[in-house]
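First the structure, in the form of structure tokens, and then the observations on it.
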Amino acid sequence: MRFAHPAHPEFGLRLAYGLNLYPSRDARGVLAGLRAIALPLRARLARGAGAFGVGMWLPARAAREFVHQPALLAELAELCASAELEPFTCNAFPHGEFHGPGLKQRVFEPSWKQRERLEFTLDVARVAVALRALGGAARPAEHLSVSTHSGMFAAALAPGDRELLADGFVRAASALAELEHECGERVVLALEPEPRSNANDTRELAEFLALVRQRARGAAEDAVRRHLGACLDACHAAVEFEVPEEALERATAAGAPLGKLQFSSALKLRPPHGIPALLALDEPVYLHQVTGRRGNERLRVLDLPELARAWQGGAWSACDEWRCHFHVPVDLDELGGAAGLGTTRSEADALLARALAAPERWGVRELHVEVETYTWNLFTPAQTGSASALEGLERELRHVLERLRLAGWCPAGWNPCAPSVDTPQG
């Protein structure tokens with residue numbers, strides 16, 4: 001879905017739902033995910049209203065199959081074209097098996113020191129570019145965005161690793177510049193800061209991107225400026241208690257393009273209320289990093305089992321608030337049936353509002369907004385207030401659509417803004 005603002009005619013916005021909630025493993029899984037999620041969502045929200053945005057997740061096996069099997073790529077392109085789905089953004093953070101038990105910090109593997117990570121990311125970019133060429137969109141996006149992690153799991157860092165990671169991103173930017181020269185499509189690789197990674201927050205991301213620019217030489221300098229930017233995840237920023245205005249400023253420091261804003265929400269609580277409910281959410285797949293705030297001090301653990309050992313007495317019990325990296329539906333202000341567990345919905349709303357009010361900071365002419373809640377399989381209807389995941393996804397998108405409307409961003413072609421989000425245009 002495309003949006004415009006009468007006060008900012010030179011800028012635009014595109015909205016999508018990220019499909020990494022579907023457990024794809026290969027190309028057939030990607031196609032199944034589109035049919036199971038994107039098509040019914042489009043029917044609920046944008047029937048007969050033009051292109052409907054989707055955030056593609058292409059695990060490594062799927063990306064490789066689409067690149068090397070033209071028939072599969074043609075099937076994907078035909079599905080997108082016939083259903084008017086627009087895959088303008090892709091997620092290349094999880095390499096594969098994103099929903100498998102024992103994933104945890106292995107989600108950062110392979111790191112950006114490894115050639116395998118570069119090859120996977122370029123495969124995803126090639127698929128995105130090919131879909132654009134095969135789809136023949138009447139109004140193509142100003143750029144395509146591909147999100148990735150910022151390098152590696154921080155606890156595994158060794159001396160010299162930051163420079164090796166930076167060199168990996170320089171190579172990626174140079175390859176994307178070559179791709180643009182070949183086909184005319186700009187792809188922005190958007191680095192996503194995440195708690196306990198080598199870029200724990202936007203401050204560390206800005207420092208790391210400065211290092212990447214220092215490592216670039218000659219033509220690579222221009223490639224880095226044009227093709228490397230930030231993926232600003234609202235959940236991650238909230239977990240680290242980042243102020244929305246400051247997070248946006250740091251993510252776009254030195255003119256770095258804001259490749260994508262992931263609209264997502266974390267859990268929060270004020271101890272001791274909600275501690276049993278939070279610890280009960282421990283599960284074997286995803287990392288649930290927790291940060292506690294005690295005045296100007298920040299306490300950090302990697303996951304909920306570590307928190308269970310650390311919190312009783314001492315510094316953690318003296319914190320005024322804890323926040324946990326546990327993606328929850330973005331329309332919720334609290335998790336139903338879990339006493340004391342609130343969400344960072346207000347922080348996500350504030351971050352989006354700040355970005356919408358300052359398009360001059362984007363570094364691109366279009367803002368890509370992707371709703372990303374990949375944990376629906378972990379919740380019960382009582383917790384989400386939705387009878388089904390699909391109903392919940394619709395509620396999430398409607399929440400974001402209302403935020404856009406309130407900020408004056410109209411579905412493209414509407415002027416003035418419509419008073420309702422019931423029938424958004426494409």
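Read-outs: derived from the displayed coordinates by stated rules, not from any lab. These figures come from a predicted structure and were not determined experimentally. Don't worry about glycine lacking a Cβ; one is built from the backbone with ideal geometry, like all the others, and counts go over all protein chains shown.
Only DSSP H runs of four or more residues enter the estimate; each adds -39500 (n - 2.57), and after division by the residues of the chain the mean residue ellipticity at 222 nm equals -12000 deg cm²/dmol. Helices meeting the span-like rule in the chain (full DSSP H runs, Cα extent of at least 15 Å along the helix axis, mean Kyte-Doolittle score of 0.0 or higher): 70-82, 115-135, 345-357. In this rough spin-label picture, where each label sits 7 Å from Cα along the Cβ direction, the Ser346-Leu157 distance is 3.3 nm. The label-point distance for Leu390 and Gln114, in a model that sets each label 7 Å from Cα toward Cβ, rounds to 3.7 nm. Residues of the range 324-355 falling in the label zone of Ala382, defined by backbone nitrogen less than 16 Å from a point 7 Å along Cα to beta-carbon, are 335-341. For the range 327-392, the relative contact order comes to 40 percent (Cα pairs under 8 Å, sequence separation of at least 6). Please work out, to two decimal places, the log10 of the ratio I(q)/I(0) at q = 0.09, 0.10 Å⁻¹ from a Debye calculation in which every Cα of the range 1-141 carries one identical scatterer. Taking Cα atoms of the range 1-141 as identical point scatterers yields -0.28, -0.35. Just Ala74, Ala355, Ala173 to compare: in a GNM of the chain, with alpha carbon springs under 10 Å, which one fluctuates most? Of the options given, Ala74 has the highest mean-square fluctuation.
Mind checking the full-extension length gain between His273 and Glu321? Use 0.36 nm per residue of separation minus the Cα-Cα distance, one decimal, nm.
Once the chain is fully extended between His273 and Glu321, it gains 16.3 nm.
DSSP beta bridges fully contained in the range 213-315 are about 55 percent antiparallel. Both the radius of gyration and Dmax for the chain are 20.3, 61 Å, in that order, over alpha-carbon atoms. Taking the Cβ-Cβ separation of Glu360 and Val243 as r and a Förster radius of 25 Å, what is the calculated FRET efficiency to the nearest 0.05? It comes out at approximately 0.85. Stretching Glu84 away from Ala219 to a fully extended chain increases their span by 44.9 nm, per 0.36 nm per residue minus the current alpha-carbon distance.
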